[in-house]
Amino acid sequence: MSDTISYEERKDLPDSAFGLPERREYPLIDAAHVRAAEAYFRYCPEDLRPRLAKAILAKAHEFGVNVESPTILSYATE
């Protein structure tokens, strides 16, 4: 699956499908989106990074994605 989704598909996703549910940002619906969230992690506001890092790691485990980013791994332990 591609790491892009249409506006209609995104609109239909539940808040829980996002790394930052309250902002509906960083959809984590499959392995491709987990990798995309990892790539775009640097654009996440500093105060939200620990929560996003934990969400990425949880979904990465679910979809069999190996997250090696030391930045994400360090934020996930905060």
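The values are calculated or read from the model by the stated rules, or taken from the named source; none is laboratory data. Note that this is a predicted model, so its numbers are computed, not measured. Backbone-built Cβ (ideal geometry, glycine too); neighbour counts: all protein chains shown.
Enumerate the pairs (first residue in region 27-53 and under 10 Å from residue 65 (Cα atoms); second residue anywhere and of a type in the set (Val, Ile, Thr) and at pLDDT 95 or above) with beta-carbon separation below 7 Å, excluding pairs fewer than 6 apart on the same chain, so at least 6 apart or on different chains.
Within 7 Å, the pairs are 31/65; 34/56; 34/65; 35/65.
Given the criterion at pLDDT 95 or above and farther than 18 Å from residue 6 by Cβ, identify the matching residue among 42, 24. Spell out the reasoning first.
Numbers: 24 fails: farther than 18 Å from residue 6 by Cβ.
Selected residue: 42, the only one of 42, 24 that is at pLDDT 95 or above and farther than 18 Å from residue 6 by Cβ.
Which residue is surrounded by the most Cβ atoms within 10 Å (Cβ to Cβ), if the candidates are limited to region 1-49 and must be of a type in the set (Gly, Ala, Ser) and in a helix (DSSP H, G or I)?
37
Any residue at all in region 60-71 that's among the polar types (S, T, N, Q), surrounded by fewer than 12 Cβ atoms within 10 Å (Cβ to Cβ) and not in a helix (DSSP H, G or I)?
Yes, region 60-71 contains at least one residue that is among the polar types (S, T, N, Q), surrounded by fewer than 12 Cβ atoms within 10 Å (Cβ to Cβ) and not in a helix (DSSP H, G or I).
Out of region 54-78, which residues are in contact (Cβ under 8 Å) with a residue 24 or more places away in the chain, over 15 Å from residue 27 (Cβ atoms) and small (Gly, Ala, Ser)?
64, 69, 76, listed by residue number.
Could you check region 39-63 and list, in sequence order, the residues that are hydrophobic (A, V, I, L, M, F, W, C) and closer than 14 Å to residue 16 by Cα?
Across region 39-63, the qualifying residues are 52, 55, 56, 58.
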